[in-house]
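Some notes on the structure that comes next.
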Amino acid sequence: MKITFPYMGNSHIAISFFLSGLGHEVIYPPVPTKKTLSLGVQYSPEFACLPFKILLGTYLEAVEAGADTIATSGGYGPCRAGYYGELHKRILHDMGFPIRMIVLEPPLKGPLDFYNKLNSLIRPQSSWRHFCRVFKIAWQKLKAMDEIEDKLHQLRPLAFVPREMTIAYEKGLSYIEQAQTLAQVMEASDEALAGMKKVSVDPTRNPLKIGLIGEIYVVLEPSANHDIEKILGEMGVLVHRSIFLTNWTRDNTLVNREKDVRQAAMPYINQLIGGHGQNSAGETVRYAEHGFNGVIQLAPFTCIPEIVAKSIMPAISLDKGIPVMTVFLDEQTGRTGIETRLEAFVDLLQERRRQQEAS
């Protein structure tokens, strides 16, 4: 089995370790580029959203590199993302690529189906014991990467030279990628954090705090959002992302830890509307309650759950006193336009804070 998977954020480091650890030949998914998106746009339905197009382009590049199997996640609720796996498979088959698609649905949706899909990833000469050992290491890698990325967001706006903090973070990622055991992952995480703490910072700074919300793929994948976290961080803004892969995985498998967020959204969106729509409303309320200066909502163009959430944002912004900027992303979105909008939004927040401090 020559297996590949979606490229999203840093998850490829843990997923490739997991699949190769099970004995599969992993076809590393390429970092999404303009070529990737162009391929996806060419063969996707026009109405499809940006994540759908990037993923299809990624799969096409991986198939060209020899992949014959794709492992991906599914979904449930009123959101088209739950159909991505089947639609991607049909498009690839119609193009003459008889790819095998393994779609892992949330365990509670179909426990037996989930078990059978996982079991299909275990090679005959392997075992569930080996599976669990490899999974624990891969999960620890994910946790370590989320931890150092969260620390990056806290420290980068305080750094005298923000780029040095980014370099230290990237070096830390390489340590985690090279780790092969639980002990090595923990040691790599400690080394990564220590390296970031060596970068000179100004602890007296009081950076603006912006919460980042929206659809998971465009929030987590820099190629989709034009590296918005890095742009803001190097502008001196403390960014707090509402979604990390570890908390999303926990919340969508066996443990629901999103009750507080959904409760916060209830006065505005009182039911599940698919995707992260209800969460976007709830996270905005929570960011306001925690004293954040503003919120940026990232959404793929045509994403219905985020469109619904955007329609309620003016009411939340007025009630909670927190500015919200929504950025819709598609293949026409350019980095320069994003940077211009971010600069204007940050200027607005700085002026608003000055007026509040003066009053």
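Computed from the coordinates by the stated procedures, all read-outs in this text should not be read as laboratory data. Keep in mind the model is a prediction, meaning the values are calculated, not measured. Don't worry about glycine lacking a Cβ; one is built from the backbone with ideal geometry, like all the others, and counts go over all protein chains shown.
A few points about this structure:
- Highest GNM mean-square fluctuation among Met196, Met165, Met266, for the chain modelled with Cα contacts below 10 Å: Met266.
- Lysine pair count for region 76-215 [Cα-Cα under 26 Å; pairs on different chains or 8 or more apart]: 28
- Acute angle (nearest 10 degrees) that the helix 277-289 long axis makes with the longest principal axis of the chain, alpha-carbon atoms: 40
- Computed magnitude of the charge dipole of region 1-124 (debye, nearest 20; Cβ of K, R +1, Cβ of D, E -1): 100
- Residue exposure sequence - Ser242, Ser280, Ser359 - by fewest surrounding Cβ within 10 Å: Ser359, Ser242, Ser280
- Dipole magnitude of region 1-73 about its Cα centre (Cβ charges: Lys, Arg +1; Asp, Glu -1), debye to nearest 20: 160
- When both bridge partners sit in the chain, DSSP labels roughly 5% of those beta bridges antiparallel.
- For Val185, the shell of other residues with beta-carbons less than 12 Å away shows a net charge of -2, using +1 for Lys and Arg and -1 for Asp and Glu.
- Given charges at beta-carbon only (K, R positive; D, E negative), |dipole| of region 263-358 in Debye: 180
- Exposure proxy ranking for Cys303, Cys49, Cys79, Cys132, based on other Cβ atoms within 10 angstrom of each Cβ and starting from the fewest, stands as Cys132, Cys79, Cys49, Cys303.
- Listed residues Leu232, Asn270, Thr326: farthest to the positive end of the dipole of region 206-359 (Cβ charges): Asn270
- For the chain, the mean residue ellipticity at 222 nm estimated from helices alone is -17500 deg cm²/dmol, where every DSSP H run of n ≥ 4 contributes -39500 (n - 2.57) and the total is divided by all residues, rounded to the nearest 500.
- Excluding exposed DSSP-loop chymotrypsin sites (Phe, Trp or Tyr not before Pro) (at most 13 other C-beta within 10 Å), longest clean stretch of the chain: 161-359
- Cross-link partners of Lys310 among lysines (Cα-Cα below 17 Å; sequence separation of 8 or more within a chain): Lys320
- From least to most packed, judged by other beta carbons within 10 angstrom and beginning with the fewest, Thr249, Thr340 follow the order Thr340, Thr249.
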